[in-house]
Amino acid sequence: MKPSEEIKSAVDIVKIVSDYVQLRKRGANYVGICPFHQEKTPSFAVHAAKQIFHCFGCGVGGDVFKFVMLIENVTFPEALERVAEKAGIPKSQISDLRFQKLDDGQAKERAALHQMHEFAAQFFAAQLGGTAEGRAAKAYLADRGLRDDVLAHFRLGYAPSEGRALARKLAEAGFSGELMEKSGLVVTGREDVRPQIPNSGSQTSNFPSQIAHPKSEISNFRSYTDRFRRRVIFPITNESGKVVAFAGRALADEQPKYLNSPETPIYTKSRILYHLHQAGPAIRKADVAILVEGYMDCIALASSGVENVVACCGTSLTASQVRLLARYTRRVIVNFDPDSAGTAATERSLGMFLEEGFEVRVLALPGGLDPDSFIRKEGVSAYQRLLERAPTYLDYLTDRAAAAHDLSTPEGRVQAANAVLPYLAKVSNPLLRHEMAGRLAERLRLDEGLLRNELKRAAQTGGREIQLQPEAVALKASPAEKELLWAFLESAELAAEFLPTMERCLEGLPTAGIFKKLLAEYQQEGNLDIRRLEDSLLPEERRYLFEVQFTAEEPPDRKRVISCCNALKLHRMERERTDLQRAIERAQREHDRETLSRLLEAKLQLIKGLAQLKQA
C-alpha cells in the first residue's frame, strides 16, 4: 500500500477538518462555513463515510490531503506529512514519505526554510543567556516581568549587535546563500558591521546534511548581514507550531521600534496570528478569542493565565486573519491600545469581524494603558473583571458617537447615527440588524421606523450614511410643552413658581432651550419680554414661541400647569426607566452581580415613583 493510502486509512477527515472549521452534524454529513471563500450561510460539507469534503458555494472539494494543501497553503508531500503527524504516525515509519517530499523542489525549499528558521530560533535563544549582551537583554525582559519559564515557553531570544553572527552560523551549517536570502534572515549590500570571532556561547543544533552545501557559503558569508541586530527576538510560528518568521524589538532608541521578517515562501504575515498555535485549544474551550496589538501584550496576558489571546503580527488586521480566527471561534474581544492609533485600528477591525459574522465586544482599558502595562500595574484579576464587562461593539461605538456629537440637537443625533450605521449595515443577520437598529434608535432618540428603513437601504445598496435630514428626525414639542410655554408668557406668577422646578425635566425636549432662556431672563429682569428673547432663539424655538400666542383658547390656569408639569416629569421618568433597563441588560450580559443588584433596586424605586405620579 502506498504511504498516502496508509495515512488516509489511519485518519478521520471529520476530525482533521474540525481543527480548522466549526462543523455541526446534519443528517449523515457535517456542515460549516467554508474557509475558502466568504459566506454567511454554511455551504461547506464533509462526508464522513466517503472521507471527502465539498463546498456547494465555491465548488472546491477533495480528500483530506487536498483540504490540508488548501488550508495550509502547502504542497502535496507536505500535506502528507502534516496529516501523518495529526494521525500520530511516527516519523520513523514515514521515511519513504520524506524521500518523496524531497523530490519536490518547492517542498524541499520550504523544508529547508523551516529548518533554517528553527536553527535561527535556537541561535537567538542561546544568545539570550549565553553572552554578555544577551544577559543584559534578559535583565531588561525580567524588568518587564518575564520569568525564565515565560522566556522558554515563548522561545524569546536575542540578536547580537555584531552584524554577521547569524549569517556566519548559517553558512557554517551549510545553508546556501540563495536560501539565506530567501529566508529574510540576512540582507546583502550592508557594510556597516564589525567583524567578530564566532562566539563560543552561541550553541545551535545540527541540521540534516541533505540541505547543506559544505563548500559553497562559508567563505562568502561576509557578503551577508544579519537583518536583526541588537534586538529582543520573538519567534513567530504557524498553526502547526513551526517557526516561520521573527519580530525584533529594539532595546534602545533605534528605529523602527519593531522590525519584522519580510514575507517569504513560508511566511505571509496577513495569514498569521501570533500565539494562535498555543492559544487555539483555549480559544475553542472558551469559545472566545482576545485580540491584542502587540507581542508583549499577548505574552503578558498568556503568562498570567489568560491563554485565549492572539496578536496581529506587526500589521493591521486583515480579512485573512479574521477568517483564520473564525476556524476557532466566532466570538472575539478586541483589546487594542486606547490611543488614537489603537482606536482607529479597533474601528477598522470591527467591520471585518462583522462581515464574517462574529459576535464582537471591545475592551478599552482605563488610564491609557495597554494590556501589558495594565497587567503589570493592576494585576490579572482586575483585567479579567474588565474583560467580563467589555461592552458590545454597538455600545462601544454608540458611546463614542454620543461623546463626539450633541445629542440634544437633531443634527447631532443624525451625525451620531451616521457614525454607527456603517457597522450595523455589515451585520448579515436581518433579525439581529433589526434589533440593533431599535437599540440605536432608542439610545439616540431617533424615529425607529425611519432608521430601520434607512439601514435596510444601506445594507442593500452598500450605502455608508443614512440620508435623513435633521428636520426629518427633529422631535416635536408635546402639547404639555406648548401649554406651559403659553402659560409662562401670559403669567409672570406662574413662571416664577414653576419655571425653577422644571430643570430636571428639560433634557432632550425640543423646547428645552426656550425654557432655560425664559428662566434666565426672568431671574435677571424679573419679567419676560419676548423682544429681548427673540434674537437669542433658534428659528425653530422662535416658531414655537410665536405660535402659542395665537392659540384661540384661554391660557392654562394653575391646575392645568401642574398637570402639564407632571406630564413632563412622567416622560422623564419613563426615559430613565428605559435607560435603567438597558443598563440592567448590560449588567446581566457581563455577569456583574453587584451592579445588577444596585440597578434593580433603582428600577424598583423608580417604578414606585411612577405609580405615585400617575395617581396624583
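What is the Rg over Rh value, at two decimals, for the chain, using alpha-carbon atoms and the Kirkwood definition of Rh? If you can, show how the numbers build up before the last one.
Values: Rg = 32.8 Å, Rh = 29.2 Å.
Dividing the radius of gyration by the Kirkwood radius yields 1.12.
Could you sort Ile607, Ile584 by their accessible area in this structure, using a 1.4 Å probe and putting the largest first?
Values: Ile607 70, Ile584 5 Å².
Most to least solvent-accessible, the answer reads Ile607, Ile584.
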Dividing the helical contributions, -39500 (n - 2.57) per DSSP H run of n ≥ 4, by the residues of the chain yields a 222 nm value, nearest 500 deg cm²/dmol, of -16500 deg cm²/dmol
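State the antiparallel share, in %, of DSSP beta bridges confined to the chain, rounding to the nearest 5.
On the way: 33 of 43 bridges.
Here the share of antiparallel DSSP bridges comes out near 75 percent.
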On the full set of protein chains, 1.4 Å probe, figure out the accessible area of His434 and give it in Å² to the nearest 10. 100
What does the accessible area of Tyr274 come to, in Å² to the nearest 10, when a probe of 1.4 Å is used? 10
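Please identify the helices of the chain, taking whole runs of DSSP H, that span at least 18 Å along their own axis as judged from the Cα atoms and have a mean Kyte-Doolittle score of 0.5 or higher.
Details: long enough: 105-130 (37 Å, -0.25); 340-355 (24 Å, 0.15); 410-424 (21 Å, 0.10); 430-444 (21 Å, -0.33); 448-461 (19 Å, -0.93); 512-525 (20 Å, -0.36); 558-589 (47 Å, -1.13); 593-615 (33 Å, -0.23).
Membrane-span-like by this criterion, though nothing is claimed about a membrane: none.
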Ignoring ligands and nucleic acids, Asp399 exposes an accessible area, probe 1.4 Å, in Å² to the nearest 10, of 60
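The values are calculated or read from the model by the stated rules, or taken from the named source; none is laboratory data. What you see is a predicted model, and the numbers here were worked out from it, not measured in a lab. Accessible surface is based on the protein model in full, side chains and every heavy atom, while ligands, DNA and RNA are left aside. Shrake-Rupley method; radii C 1.70, N 1.55, O 1.52, S 1.80 Å.
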